[in-house]
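The values are calculated or read from the model by the stated rules, or taken from the named source; none is laboratory data. In this text the structure is predicted, and so the values were computed from the model without any measurement. Reconstructed Cβ throughout: ideal geometry from the backbone, glycine too, with neighbour counts over all protein chains shown. Please note that ligands, DNA and RNA were not included when accessible areas were found on the heavy atoms of the full protein model with its side chains. Shrake-Rupley method; radii C 1.70, N 1.55, O 1.52, S 1.80 Å.
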Amino acid sequence: MAKRPNSDPSDSNKLLSIMAQPFRWLKMLSSELNPSFIAGVVLVYGLSHGFSGSYFKVVSDYYWKDVQKLQPSVVQIYIGIYTIPWVMKPIWGLLTDAFPVRGYLRRPYFVIAGVVGTASAVAVAMKEGLGILGALGLLIGISAAMAIADVTIDACIVRSSIEVRWLAQDLQSLCGACSSIGHLIGYSTSGVFVHLLGAQEALGILAIPPAMIIVLGFFIHEPRSSTLQSYGKPKGESLKQVGVAIRDTCKAIKYPHVWKPALFMFLCLSLSISTHEGQFYWYTDKKAGPAFSQESVGLIYAVGSAASLIGVLIYHKTLRDVKFRRILFFAQLFYGVAGLLDVVFILRWNLALKIPDELFVVLEECVSRIVSRIRWTPMMVLNTRLCSVGIEGTFFALLACIDSLGMLCSKWSGGLVLHALGVTRSDFRNLWLVVLLRSLLRFVVLAFVFLVPDASQSDILVPSDQTVSRKSSTIVEEDGDSIPLVSMKGEGRG
């Protein structure tokens, strides 16, 4: 009997090397940047942005549908309303840049975000007989907590991306990976908690992530400076800093290579009208739709989040050196094609092709999430490339606000279209037409891709006169003290 050949030791070594790559990558980031900063990125993007965002999306959908019993078009308008805290990100960014609390610029705002989010989540879960306006106000509080934490960590990320340029793509890959993993956990558990606890009570789980953000506010590294003591500093000084930040922000946004890509990102998001609520109601309808259960809806989204990780990997390994205009053109093109799969599903053509609903919707969700991640990541890299040191929190928040305005327009215009075409809780005859219109508008965006700079993702896009006075890693106050906002351990390559 012939002996089975021994496995090649080099194969197992290669496998271990591949498995160890993410850990080596995180170690490299931690060595170049402060480890507590990397932990903060993981916590905010993974737990607050990823888990809370996905869990909130599913559970609040069921809350409005089953507890408040609203029409899908109305729910979409309400969702747009609690997107407003994200539109207000320039205000949060301005606060984190110019209004310190006891010598700290970033840490206090993590604590504030955590307290607001925890209190709002507990209140909405425990308050019986909660009216629509009360529920809307508390959900706005949860959304505001996520937005404040997001803009605070973004200010640190932008500073790092400016000062160690070769890590900008790596940081966005880390954000994307953490967000996708958080989404995976949030989506996969949301349906289960709705089934076990009920839609309103399940919202109480959202108190856990902001509670962790409070802890982050106490341990993330940020040197305390006596020049930033709010209680010992004249109010006029802070107002002067606000004026300087606003002036520099207005100056920066006037540059064509800044406002043009910002306009493209707004059009990219606003023209793709949202049809989510109409599709969600159809997913769960027992007569017109496939009647997916609560657990199934969460699982479908969870699989999509897992696929989103593939999008992060594809970008990180093969697309990080592709020019902005080229990658965004093809990503938007495939995004429009992926949208047509929703039309196929709503018209039930998948059944004519002998493809079960469960299999088709999983395939559609995977394709859509992979393309969305590849499309979104270079947009975030582009945003960091457009920022200047010293106003990074304010200016990145302004760019994020423009993106949020685009998403708000998408939500509200989608709600109006759903209402205009008569899509209700029980009537889905024209839903396919709404989704088709959305998909066609995605192709229209391709006509505006010329607004994106035909530059490499590692190029410097901000003019030298925007960075020359702010190019050091510290802000120098009038009394001579220097304040490092993000602790850096290395200056990068070369």
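Can you go through 359, 328 and tell me which one is open to solvent by less than 50 Å² (accessible area, probe 1.4 Å) and either farther than 17 Å from residue 178 by Cβ or charged (D, E, K, R) (or both)?
Going through 359, 328 in turn, the sole match is 328.
Among the candidates 426, 456, 413, which residue alone is within 25 Å of residue 375 (Cα to Cα), at pLDDT 85 or above and polar (S, T, N, Q)?
413
Within the range 154-172, identify whether any single residue is within 27 Å of residue 78 (Cβ to Cβ) and touching a residue at least 12 places away in the same chain (Cβ under 8 Å), and answer yes or no.
yes
Would you please list the contacts, defined by Cβ atoms under 8 Å and residues six or more apart or on different chains, that run from a residue in the range 248-265 that is without any contact (Cβ under 8 Å) to a residue 24 or more places away in the chain to a residue that is assigned to a helix (DSSP H, G or I)?
Going by the 8 Å Cβ cut-off, the qualifying pairs are 259/253.
Can residue 374 be described as open to solvent by less than 40 Å² (accessible area, probe 1.4 Å), touching a residue at least 40 places away in the same chain (Cβ under 8 Å) and within 17 Å of the chain's Cα centre (by Cα)?
When the stated conditions are applied, residue 374 passes them.
Among the residues of the range 312-322, is there at least one that is over 24 Å from residue 183 (Cα atoms) and surrounded by fewer than 22 Cβ atoms within 10 Å (Cβ to Cβ)?
Yes, there is a match, as at least one residue in the range 312-322 is over 24 Å from residue 183 (Cα atoms) and surrounded by fewer than 22 Cβ atoms within 10 Å (Cβ to Cβ).
Just the residues that are of a type in the set (A, V, I, L, M), assigned to a helix (DSSP H, G or I) and under 22 Å from the mean Cα position of the chain (by Cα), please, taken from the range 87-119.
Correct list: 87, 91, 94, 95, 111, 112, 113, 115, 116.
Hey, residue 346 hits all of (1) over 28 Å from residue 46 (Cα atoms); (2) open to solvent by 50 Å² or more (accessible area, probe 1.4 Å); (3) among the β-branched types (Val, Ile, Thr) but one; which does it fall short on?
Here residue 346 meets the rest and fails (2).
Any chance the range 277-293 includes a residue that's closer than 24 Å to residue 181 by Cα, in a loop (DSSP other than H, G, I, E, B) and of a type in the set (Ser, Thr, Tyr)?
Yes; the residues of the range 277-293 include at least one that is closer than 24 Å to residue 181 by Cα, in a loop (DSSP other than H, G, I, E, B) and of a type in the set (Ser, Thr, Tyr).
Testing residue 387 on (1) of a type outside the set (Ser, Thr, Tyr); (2) open to solvent by less than 20 Å² (accessible area, probe 1.4 Å); (3) modelled with pLDDT of 90 or more, one condition comes back false. Which one is that?
Result: residue 387 passes all but (3).
Within the range 276-293, which residues are open to solvent by 20 Å² or more (accessible area, probe 1.4 Å), hydrophobic (A, V, I, L, M, F, W, C) and touching a residue at least 12 places away in the same chain (Cβ under 8 Å)?
Correct list: 288 only.
Hey, residue 354 hits all of (1) open to solvent by 50 Å² or more (accessible area, probe 1.4 Å); (2) touching a residue at least 24 places away in the same chain (Cβ under 8 Å) but one; which does it fall short on?
Residue 354 satisfies all of (1) open to solvent by 50 Å² or more (accessible area, probe 1.4 Å); (2) touching a residue at least 24 places away in the same chain (Cβ under 8 Å) except (2).
Answer yes if at least one residue in the range 267-275 is buried (at least 21 other Cβ atoms within 10 Å of the Cβ) and under 23 Å from residue 190 (Cβ atoms), and no otherwise.
yes
May I ask you to list the residues in the range 417-445 that are in contact (Cβ under 8 Å) with a residue 24 or more places away in the chain, in a helix (DSSP H, G or I) and over 18 Å from residue 406 (Cβ atoms)?
418, 419, 431, 432, 434, 435, 436
Check the range 124-147 and report whether any residue there is in a loop (DSSP other than H, G, I, E, B), among the hydrophobic types (A, V, I, L, M, F, W, C), in contact with a strand residue (DSSP E or B) (Cβ under 9 Å, 6 or more places away or on another chain) and open to solvent by less than 40 Å² (accessible area, probe 1.4 Å).
Within the range 124-147, not a single residue is in a loop (DSSP other than H, G, I, E, B), among the hydrophobic types (A, V, I, L, M, F, W, C), in contact with a strand residue (DSSP E or B) (Cβ under 9 Å, 6 or more places away or on another chain) and open to solvent by less than 40 Å² (accessible area, probe 1.4 Å).
Residues being open to solvent by 10 Å² or more (accessible area, probe 1.4 Å), of a type in the set (Asp, Glu) and within 22 Å of residue 119 (Cβ to Cβ): count how many of those fall in the range 148-203.
Looking only at that region, the number is 1.
All but one of (1) over 24 Å from residue 189 (Cα atoms); (2) open to solvent by 10 Å² or more (accessible area, probe 1.4 Å) hold for residue 69, so report the exception by its number.
Just one mismatch for residue 69, condition (1).
The rows are residues; the columns are (1) under 30 Å from residue 312 (Cα atoms); (2) open to solvent by 50 Å² or more (accessible area, probe 1.4 Å); (3) aliphatic (A, V, I, L, M).
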residue: 45; (1), (2), (3): yes, no, no
residue: 64; (1), (2), (3): no, no, no
residue: 80; (1), (2), (3): yes, no, no
residue: 83; (1), (2), (3): yes, no, no
residue: 88; (1), (2), (3): yes, yes, yes
residue: 93; (1), (2), (3): yes, no, no
residue: 106; (1), (2), (3): yes, no, no
residue: 114; (1), (2), (3): yes, no, no
